[in-house]
Amino acid sequence: MAAPYSHRTDDWWRSAVIYQVYPRSFADGDGDGTGDLAGVRARLPHLAELGVDALWFTPWYLSPLVDGGYDVADYRTIDPAFGTLAEAEKLIAEARGHGIRVIVDIVPNHVSDQHAWFRAALAAGPGSPERELFHFRPGRGENGELPPNNWPSQFSGRTWTRVGDGEWYLHLFAPEQPDLNWAHPAVRREHEDVLRFWFERGVAGVRIDSAALLAKDPALADFVEGVDPHPYIDQDELHDIYRSWRAIADAYRAVFVGEVWLPDSERFARYLRPDELHTAFNFTFLACPWDPDRLRRAIDDTLAEHAPVGAPATWVLCNHDVTRTVTRYGREDTGFDFATKTFGTPTDLALGTRRARAAALLTLALPGSVYVYQGEELGLPEAEIPLDRIQDPMYFRSGGTDPGRDGCRVPLPWTADAPHAGFGAGADPWLPQPEGWTHYAADRQRLDPSSMLALYREALRLRRSEPGFGDGPLHWLPAGDGVLAFTRAEGLICVVNLSPQPVELPGHRTLLLGSGPLGTDGRLPRDTAVWLRA
Ligand code: GLC
């Protein structure tokens with residue numbers, strides 16, 4: 001019954017549009033207020049119609065959901081809130097029937113404190129082989145009352161927690177997410193098995209969470225600002241781990257995308273050598289402000305760092321960790337930075353939406369693959385979550401100064417006239433939907449040719465039918481100040497006007513698509529992008 005995938009070649013991932021599903025907030029099939037696999041299965045036609053090539057599911061495994069599922073208690077079980085393993089298998093097959101591949105999310109740096117290994121480690125006590133799977137250490141200070149080292153956390157707060165018998169364990173994230181000891185062969189073996197488990201079930205790829213954090217300095221030496229190498233970011237041992245993963249993936253023709261946040265582009269590219277990861281997320285572009293020179297530099301740097309290793313670039317505007325694009329682009333500071341997130345930052349949503357539309361055409365015209373985060377195709381803004389409803393540990397661990405990431409995880413609006421905007425027919429959604437959410441409902445946008453959804457559908461349709469898009473060369477065209485203009489193969493041209501004035505379009509035969517209308521004089525208004533054919 002399986003239909004052919006839309007990109008039939010083995011290197012589909014070099015040009016793919018991959019849609020990120022945050023299952024908890026996508027669609028609630030059983031009416032308990034939490035999104036689930038039944039909800040995704042029912043909405044596969046929406047995704048097929050949108051024209052995506054693959055779905056990346058953030059973790060759907062058994063989890064206490066302390067960190068939205070990035071605290072995995074068992075990799076081989078689907079969390080009952082989401083469904084069952086049999087349903088996941090059905091979903092993978094049904095997606096395939098729509099020509100859509102599935103990518104799962106593996107979180108190798110840590111497990112949940114409810115994982116069998118960690119419970120056994122706690123029970124077995126100091127010096128036991130069970131504890132060697134994690135980083136347990138005695139504390140410093142006279143009575144071991146101080147943490148073993150000074151490592152900064154990836155969330156704010158401490159990286160060590162003390163247990164009843166006096167030992168401390170390491171967690172780069174929340175205390176409910178103990179870090180695994182990647183120097184231990186059983187940890188490597190287990191993850192290789194988990195990869196095979198999911199590849200056997202037909203998944204086409206794996207996203208690797210916190211991919212540059214797994215290996216730790218064996219001495220667990222203190223972190224000293226400005227001194228390299230960092231004791232837990234980008235350790236050289238990682239490359240050996242990913243080489244062995246690559247050999248497994250190759251046997252299944254599956255692919256990896258690594259979550260690798262590294263400022264050094266040469267270090268970043270090492271993960272993309274031909275026998276390591278196929279791709280990694282491009283956070284430089286994601287964090288880049290809406291500024292022509294900065295964007296151009298981000299694009300050039302990205303292409304330059306990927307070229308020597310022959311890996312395609314990826315382009316991402318937002319995901320489940322960062323501020324939604326239309327909100328960010330409507331602010332005074334249009335860049336993204338975890339460190340500067342605060343409550344109540346003013347935004348101009350009309351301006352942000354206009355820019356997000358232009359950014360969508362820019363991104364989809366660049367060489368490589370593109371990630372679209374659920375709700376981006378609906379132009380959803382970041383929501384302000386009432387304080388008593390926030391769930392994200394980033395908020396709690398910051399002492400309430402960081403609003404956390406729930407604002408980009410609000411359950412999707414599907415149907416304007418249904419309860420909970422069609423997210424689910426039963427209980428209230430796990431995060432409240434803000435007032436006016438129905439305005440963004442997919443069913444309304446489907447009927448409106450000027451909607452964000454219509455723009456994404458048309459852009460994805462063209463991108464799929466035009467062989468010049470996706471992987472391949474890009475050439476900049478001469479353009480005025482504040483204007484980004486480049487050609488792709490087959491005479492395709494993309495122009496984005498980030499200057500305050502309308503500009504003339506370069507010579508062309510056809511206007512394929514615009515993020516907004518041209519002026520009556522035929523010029524391209526500010527914050528607008530077009531695709532042309534020369
Ligand atoms: C990644 C995930 C994020 C999670 C963290 C810890 O950065 O994207 O959501 O909190 O890893 O697993």
Checklist line | Dipole in debye (nearest 20) - the stretch 104-176, about Cα centre, beta carbon charges: Lys, Arg +1; Asp, Glu -1 | finding: 120 debye
Item checked: Reduced Cα scattering model of the chain, Debye log10 I(q)/I(0), q = 0.07 Å⁻¹ -> -0.39
Note to self: If I histogram all Cα-Cα distances within the stretch 473-533 using bins 5 Å wide from 0, what percent of pairs lands in each bin?
What the structure shows: 4, 21, 33, 27, 12, 3, 0
Checklist line | Debye intensity ratio I(q)/I(0), log10, the stretch 186-292, q values 0.18, 0.24, 0.25 Å⁻¹ (C-alpha model) | finding: -0.93, -1.35, -1.41
Check: What nm value, rounded to one decimal, do you get for the distance between residue 124 and residue 533 when each label is placed 7 Å out toward the C-beta?
Finding: 6.4 nm
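Please give the FRET efficiency for residue 518 paired with residue 439, using the beta carbon to beta carbon distance and R0 = 30 Å, rounded to the nearest 0.05.
On the way: r = 26 Å, r/R0 = 0.87.
It comes out at approximately 0.70.
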Check: Rounded, prolate or oblate: which one fits the stretch 116-170, using the alpha carbon gyration tensor with axes a ≥ b ≥ c (rounded when a/c is under 1.5, else prolate when a/b beats b/c, else oblate)?
Finding: oblate
Checklist line | Inter-probe distance in nm under a simple model that places probes 7 Å from Cα toward Cβ, at residue 511 and residue 132 | finding: 6.9 nm
Next item on the list: Would you mind getting me the FRET efficiency between residue 11 and residue 48? Use the beta-carbon distance for r and R0 = 22 Å, nearest 0.05.
Entry: 0.50
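Quick one: net charge of residue 323's neighbours, Cβ under 15 Å, K/R +1, D/E -1?
Details: positive: 324, 328, 331, 341, 355, 405, 409; negative: 321, 332, 333, 337, 348, 376, 382, 384, 392, 402, 406.
So the environment of residue 323 carries a net charge of -4.
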Check: R0 = 25 Å: FRET efficiency of residue 143 with residue 222, Cβ-based, nearest 0.05?
Finding: 0.80
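Where Lys and Arg each count +1 and Asp and Glu each count -1, what net charge lies around residue 249 among other residues with Cβ under 13 Å from its Cβ?
-1
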Notebook entry, point to check: Can you give the angle from 0 to 90° between the axis of helix 292-306 and the longest principal axis of the chain, with both taken from C-alpha atoms, to the nearest 10?
Noted result: 60 degrees
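Under unit Cβ charges (Lys, Arg +1; Asp, Glu -1), what dipole magnitude, rounded to 20 debye, does the chain have relative to its Cα centre? Present the calculation step by step, with values, prior to reporting the outcome.
Details: 52 positive and 75 negative charges, 320 e Å.
Here the chain has a charge dipole of around 1540 debye.
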Next item on the list: Run the numbers on the chain and let me know its relative contact order in percent, using alpha-carbon pairs under 8 Å that are six or more apart.
Entry: 13 percent
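Arranged from highest to lowest average of other beta-carbon atoms within 10 Å per residue, in what order do the peptides 472-485, 179-192 appear? Before the final figure, lay out each step's value.
On the way: 472-485: 14.9, 179-192: 16.9.
In decreasing order of mean packing, 472-485, 179-192 become 179-192, 472-485.
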Checklist line | Computed helical MRE - 222 nm, the chain, DSSP H runs ≥ 4 contributing -39500 (n - 2.57), nearest 500 | finding: -7500 deg cm²/dmol
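Dividing the Cα convex hull volume of the stretch 229-315 by residue count, how many Å³ per residue is that?
On the way: hull volume 8.0 nm³, N = 87.
Dividing the Cα hull volume of the stretch 229-315 by its residue count gives 92 Å³.
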Notebook entry, point to check: Label-point separation (nm) for residue 266 and residue 490, each offset 7 Å from Cα along Cα-to-Cβ?
Noted result: 3.8 nm
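When DSSP beta bridges are limited to those with both residues in the chain, what percentage is antiparallel, rounded to the nearest 5?
Values: 29 of 54 bridges.
If I count the DSSP bridges inside the chain, around 55 percent turn out antiparallel.
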Checklist line | Residue among 507, 319, 288 farthest towards the positive dipole end of the chain, charges placed on Cβ | finding: 507
Item checked: Farthest toward positive dipole pole in the chain [+1 Lys/Arg, -1 Asp/Glu at C-beta], among 470, 436, 110 -> 470
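Each value in this text was obtained by applying a stated rule to the coordinates, not by laboratory testing. Everything numeric here is computed off the predicted structure, so don't read it as measured data. Every residue, glycine as well, gets a Cβ built from its backbone with ideal geometry; the counts of neighbours run over all protein chains shown.
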